[in-house]
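Please treat every number below as a calculation from the coordinates, not as lab data. Note that this is a predicted model, so its numbers are computed, not measured. Note that each Cβ is placed from the backbone with ideal geometry, even for glycine, and that neighbours are counted across all protein chains shown.
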Amino acid sequence: MRERVRARIEELHPQIVERRRDLHRHPELGFEERRTAGIVAEWLGALGLEVRAGVAGTGVVGRLRGLATSSGARRTIALRADMDALPVQDKKRGPLASEVAGKMHACGHDAHTAMLLGAASVLAELRDELPGDVVFLFQPAEEGPGGAEPMIAAGALDGVDMILGQHCQPSLPVGEIGVSRGAALAATDAFELTIHGVGGHGAYPHLATDAIVVAAQVVMALQTIVARNLDPLASAVVTIGTIHGGYNFNVIADVVELRGTVRTLDPHLRDAMPARIEAIAAGVCAAHGARHELEYHRKYPPTINHEVGVALVRRVAGEVLGAANVRELPPSMGGEDFAYYLQEVPGCFYWLGARHPHPEQEGYALHSPHFDIDEEALKVGVQLLVEGALEHLLKGAGPNAAA
Ligand SMILES: [Zn+2]
Ligand SMILES: [Zn+2]
């Protein structure tokens, strides 16, 4: 079967490349993926899949029904792609460049979508040999505000007992993948902290409460959470991304607004962070007679791979790519809303090597305005999705195993 799959992917490769390039030239932001969703729904429909469009707005779910089993129990694996682009101006030149000003597929979601379409084509041709179902999830708005959660609420995971998701990784060459055991990506929480002092004349500080001086101390004190409160072997990031306050060089500011992000891998540590930030802000403000307001937003949870999902990916990738090309990676402090699927069903999120072959393109990271991939990666990605689905359906641990 593996050789048949590989040969079919070779044949399909030009179509998958063409589809990826077309999507790359026509990027759409989160929850605006109407053109992309239309292409996806049409492709899946032509393959004879059951297609639900308009899921959570612009999401598309395709279901490939395999054979019924004598016991009636059937395995169902979901494969997920995200479809949205970023508000980035494409700085590449040439025919591949984005045709939409200020929008770009700088995170490879065009490739994810094209690869999942390719996998659907290959698996649809094998439907008479599949002892179970494959669900193809094309979700909107991974870059925010998040399409996975509303897709799940709309029933995207109904009956699913395993899920896989892959993401292009420009730091790995084509032919390698990266997998993390346990936590793969961080929670992406955010906060707004407003410091209120008392404004006044720049020459008379004794008559004012300088919100800028207090804010500066709060920024420094927040750094002690990671440096002094955390177990050095635990991981977290507290970043203040913006600081706004003040009116003029000779005016003492009455208010300063700080905005930041908090990244954690451990759910308990995640839960403890708002209270630490609150305590530090309250303490520093109290010391200076200022007051504060903290608004804390819990965004994507940490993406935590399941052992059974990691084992599936490692087994399949080891056979397809060779064990030496399956890298074990530490977690990244970036985030992914794939996390929500993994809260519901076992599965694995892994990195697909896609480093660009040209030296001048190499080294551009995800979200870079020059981002591009080696399109040979599309073949590998399609193959891993197909083989992952086959492995689970033909040899997997069965419904609800190790959930
Ligand atoms: Zn991204
Ligand atoms: Zn992404």
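Worth a mention:
- Counting only alpha carbon atoms, the long axis of helix 267-288 and the longest principal axis of the chain meet at about 10°.
- The alpha carbons of segment 187-297 give a radius of gyration and a Dmax of 14.9, 48 Å, in that order.
- Segment 139-179 versus segment 273-341: alpha-carbon centroid distance in Å: 15 Å
- Helix 307-321 vs. the chain, principal-axis angle (Cα, 0 to 90°, nearest 10): 60 degrees
- Set of lysines with alpha-carbon distance to LYS299 below 28 Å, sequence-local pairs under 8 removed: LYS103
- Relative contact order for segment 125-235, counting Cα pairs under 8 Å that sit 6 or more residues apart, in percent: 10 percent
- Between helix 2-25 and the chain: long-axis angle, C-alpha atoms, 0 to 90°, nearest 10: 40 degrees
- Largest mean-square fluctuation among ASP189, ASP161, ASP231, in a Gaussian network model of the chain whose springs join Cα atoms under 10 Å apart, belongs to ASP231.
- Nearby lysines by direct alpha-carbon distance to LYS395 (threshold 26 angstrom, same-chain neighbours under 8 apart not counted): LYS379
- Residues with amide H under 5 Å from that of GLY202, placed H, sequence gap 5 or more: VAL251, ILE252
- A Cβ-based charge dipole, computed about the Cα centre of segment 187-297 with Lys and Arg at +1 and Asp and Glu at -1, lands at about 200 debye.
- Rounded to 0.05, the FRET efficiency of the THR239 and ARG52 pair, given R0 = 45 Å and the Cβ-Cβ distance, is 0.70.
- If you wrap the Cα atoms of segment 250-349 in a convex hull and average its projected area over all directions, you get 9.8 nm².
- Only Cα pairs under 8 Å and 6+ residues apart enter the sum, and on that basis the relative contact order of the chain stands at 23 percent.
- Rg over Rh for the chain works out to 1.05, both radii taken from alpha-carbon positions and Rh defined as the Kirkwood radius.
- Estimated FRET transfer efficiency when R0 is 51 angstrom, pair ASP22-ASP231 (beta carbons, to 0.05): 0.60
- Taking the number of Cβ atoms within 10 Å of each Cβ as an exposure proxy, the fewest-first ranking of GLU28, GLU129 is GLU129, GLU28.
- Dividing the summed helix terms, -39500 (n - 2.57) for each DSSP H run of n ≥ 4, by the number of residues in the chain produces a 222 nm estimate of -11500 deg cm²/dmol to the nearest 500.
- Distant-in-sequence amide contacts of ALA184, defined by a placed amide H-H separation under 5 Å and a gap of 5 or more residues or a different chain, comprise THR303, ILE304, ASN305.
- Taking each residue as 0.36 nm, the span from HIS201 to TYR296 lengthens on full extension beyond its C-alpha to C-alpha distance by 31.0 nm.
- Here the contact order of segment 1-151, divided by its residue count and restricted to Cα pairs under 8 Å and six or more residues apart, works out to 35 percent.
- The 3J(HN,Hα) values that the Karplus relation (6.51, -1.76, 1.60; θ = phi - 60°) gives for segment 41-53 are, in residue order, 4, 5, 4, 5, x, 5, 7, x, 7, 6, 10, 10, 9 Hz. Gly and Pro appear as x.
- The order of the peptides 251-259, 381-389, 235-243, 211-219 by mean Cβ neighbours within 10 Å, most packed first, is 381-389, 211-219, 251-259, 235-243.
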